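The values are calculated or read from the model by the stated rules, or taken from the named source; none is laboratory data. Fair warning: this is a prediction, and the values are worked out from it, not measured in the lab. Positions of Cβ are generated from backbone atoms using ideal geometry, with glycine treated the same way; all protein chains shown enter the neighbour counts. These accessible areas exclude ligands, DNA and RNA; they are computed on the full protein's heavy atoms, side chains included. Shrake-Rupley method; radii C 1.70, N 1.55, O 1.52, S 1.80 Å.
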Amino acid sequence: AQSVTQPDIHITVSEGASLELRCNYSYGATPYLFWYVQSPGQGLQLLLKYFSGDTLVQGIKGFEAEFKRSQSSFNLRKPSVHWSDAAEYFCAVGATGGGNKLTFGTGTQLKVEL
Amino acid sequence: GAVVSQHPSWVICKSGTSVKIECRSLDFQATTMFWYRQFPKQSLMLMATSNEGSKATYEQGVEKDKFLINHASLTLSTLTVTSAHPEDSSFYICSASVGGNTEAFFGQGTRLTVV
């Protein structure tokens, strides 16, 4: 069975600083990987996804993520964080044959200091 | 495109009553829908997978008699929480996909509070 680990429960960065949120997955085959963002009391918004091809994926709101098979990682990055980026971020993995059935990590709460 | 709508967005019900949550794919036919549950400040946990016209597949530990799932059409799946208790209070989110190795799109979620 697949699993996802987000090692950082909370991260605080200053506005304008760069950001990297870590995500490690466990899955035997090529995974489908996703990053979602959730604001308090809201649903999920897809930031980006990796299915195949270029391992550097560009998403919305200036986010990008890099799939590294050798490290089983799919870290999310943003070069300059905005105060509005403060939210909960979830990494998720979907299995082949069901890339739509997702296993989520525990999430990383991002706080942005002005 | 690819819009999934949940209704209601929030609901408060009395302990012992049943509550129905709807998940609709507005602009595509969803052969498969998923129901997730999220406790406060926790991650999303898959509850069940429903395929149109067949019985839902529940994840281990999820009571199928308590969480009734119906996927009677290609655009609608419903989750009914029967005999709700305060511990059922949670955020329920559905997702829908055309099927197979295709992306699933999430609804906006339903906040259930049982008093």
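Could you list all residues from segment B:68-99 that are touching a residue at least 60 places away in the same chain (Cβ under 8 Å) and more than 14 Å from every other protein chain (Cβ to nearest Cβ)? Selection gives B:Thr80, B:Val81, B:Thr82, B:Ser83, B:Ala84, B:His85, B:Pro86.
Which one is farthest from the chain's Cα centre (by Cα) among residues in segment B:9-59 that are among the polar types (S, T, N, Q), over 28 Å from A:Ala87 (Cβ atoms) and open to solvent by 30 Å² or more (accessible area, probe 1.4 Å)?
Applying the filter and picking the extreme gives B:Ser15.
Any residue in segment A:66-87 that is within 14 Å of chain B (Cβ to nearest Cβ) and either open to solvent by less than 50 Å² (accessible area, probe 1.4 Å) or assigned to a loop (DSSP other than H, G, I, E, B) (or both)? Yes: one or more hits.
The strands (runs of 3 or more DSSP E) located wholly in segment A:1-51 that include 3 or more residues which are open to solvent by less than 20 Å² (accessible area, probe 1.4 Å), in contact with a Phe, Trp or Tyr (Cβ under 7 Å, 6 or more places away or on another chain) and hydrophobic (A, V, I, L, M, F, W, C) occupy A:32-38. Taking the listed residues B:Thr113, B:Thr102, the one that is surrounded by fewer than 21 Cβ atoms within 10 Å (Cβ to Cβ), within 14 Å of chain A (Cβ to nearest Cβ) and modelled with pLDDT of 95 or more is B:Thr113, with no other qualifying. Determine if segment A:88-102 includes at least one residue that is closer than 16 Å to B:Tyr36 by Cβ, at pLDDT below 95 and of a type in the set (Lys, Arg). Taking every residue of segment A:88-102 in turn, at least one turns out to be closer than 16 Å to B:Tyr36 by Cβ, at pLDDT below 95 and of a type in the set (Lys, Arg).
Scanning segment B:60-79 for residues that are under 11 Å from the mean Cα position of the chain (by Cα), of a type outside the set (A, V, I, L, M, F, W, C) and open to solvent by 20 Å² or more (accessible area, probe 1.4 Å) turns up just one, B:Asn70.
Comparison of A:Thr30, A:Thr55 shows that the only residue that is polar (S, T, N, Q), away from every other protein chain (no Cβ under 14 Å) and either touching an Asp or Glu at 6+ places or on another chain (Cβ under 7 Å) or farther than 25 Å from B:Val4 by Cβ (or both) is A:Thr55.
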